[in-house]
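Here, each number is a calculation from the coordinates, and none is a lab measurement. Since the model is a prediction, treat every value here as computed from it, not as a measurement. Counting neighbours? That spans all protein chains shown, and the Cβs are built from the backbone with ideal geometry, glycine included.
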Amino acid sequence: MQPGVPTIARQFGEIGRDFYARGWTLGTSGNFSTLVSRKPLTLAITASAVSKGAIAVNDVVLIGPNASVIGPRGQRRKQSARPSAEALLHVTVARVRHAGAVLHTHSIWGTILSDVHAGEGGLTIAGYEMLKGLEGVTTHEHAEWLPILENDQNMERLARQVEETLERFPTVHAFLLRQHGLYTWGDGLAQARRHVEILEFLFEASGRLRTIAETHAGGSHGTDKNPRTTANVGGPRIHHEFS
Ligand SMILES: [Zn+2]
């Protein structure tokens with residue numbers, strides 16, 4: 001039996017406090033969802049503009065297959081309690097991947113790598129023992145491909161891109177939105193949370209390694225031979241409502 005909204009809110013709250021403390025969901029960014037029913041598809045999801053460091057029971061809403069609010073019934077929701085703007089992406093991942101939970105973070109390393117590797121359409125992370133934390137991966141001799149999609153405020157269009165990407169790469173555990181953040185999932189909240197922890201570790205390790213490698217390649221005297229590639233790095237972009 002699926003837990004009720006109060007239990008889900010407590011589970012989201014625990015994950016949220018942890019992710020917020022690690023700097024992965026600052027300033028109300030990020031969002032969490034978990035499956036309540038497969039048929040009809042129903043997700044419990046964090047409401048928009050909620051600090052993930054302080055999720056309360058009224059900050060969780062139930063949404064249907066088109067991401068519109070269907071509950072919880074009989075519970076007074078705050079007027080502002082509407083689903084995250086990105087709810088449709090959660091529904092898409094839950095439907096296409098048969099996921100039991102979807103977690104979305106906005107970490108520094110995930111954001112940087114999503115920009116640096118956007119020109120290649122994604123990045124590959126290989127050889128790390130930590131890869132074995134991804135479901136089904138049994139050896140460090142694994143190459144995990146992480147697709148990167150262009151960010152978009154049009155959620156219908158972005159959801160179609162997500163669906164196409166998941167169908168094109170049926171074995172991926174996650175994807176990145178450029179200059180935005182990470183989406184990963186699992187059969188339940190525990191597995192999805194593990195995937196966030198593993199991937200954020202791998203992002204930071206990859207990012208730091210890249211920085212060290214480029215510093216060494218560029219020499220230590222500030223010469224003009226610094227090989228840093230900035231061609232893919234766009235300028236700052238305004239993101240009004242992150243969630
Ligand atoms: Zn977001």
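Can you work out the PRE-style zone for Lys132? Point 7 Å along Cα to Cβ, and I want the residues of region 169-194 with backbone N under 18 Å.
What the label zone holds, given the 18 Å backbone N cut-off, is 194.
Under Stokes-Einstein, with the Kirkwood radius over Cα pairs standing in for Rh, what whole-number D in µm²/s applies to the chain at 25 °C and 0.890 mPa s?
132
Placing unit charges on C-beta atoms (Lys and Arg positive, Asp and Glu negative, everything else neutral), compute the dipole magnitude of region 78-161 about its Cα centre in debye, rounded to 20.
Once rounded to the nearest 20, the dipole reads 520 debye.
Once you have the alpha carbon radius of gyration of region 18-148, what is it after dividing by 2.2 N^0.38 Å, with N set to its residue count? Walk me through the intermediate numbers first.
Numbers: Rg = 16.7 Å, N = 131, 2.2 N^0.38 = 14.0 Å.
Computed over Cα atoms of region 18-148, the ratio equals 1.19.
Between Ala213 and Arg10, what length comes free when the chain is fully extended (0.36 nm per residue of separation minus the Cα-Cα distance, one decimal in nm)?
Full extension of this stretch gives 68.9 nm more.
What full-extension length gain, to one decimal in nm, is calculated for Ser68 and Arg194 as 0.36 nm per residue of separation minus the Cα-Cα distance?
This chain segment gains 42.5 nm when fully extended.
Out of Phe175, Gly53, Val96, whose Cα points farthest toward the positive end of the dipole of the chain (charges: +1 Lys, Arg; -1 Asp, Glu; placed on Cβ)?
Positive-most Cα among the choices belongs to Gly53.
Calculate how steeply helix 5-21 sits against the longest principal axis of the alpha-carbon atoms of the chain, using the helix alpha-carbon long axis, and give the answer as 0 to 90 degrees to the nearest 10.
Relative to the chain, helix 5-21 is tipped by roughly 20 degrees.
Place a point 7 Å from the Cα of Glu204 along the Cα-to-Cβ direction; which residues of region 8-41 have their backbone N under 13 Å from it?
19-25
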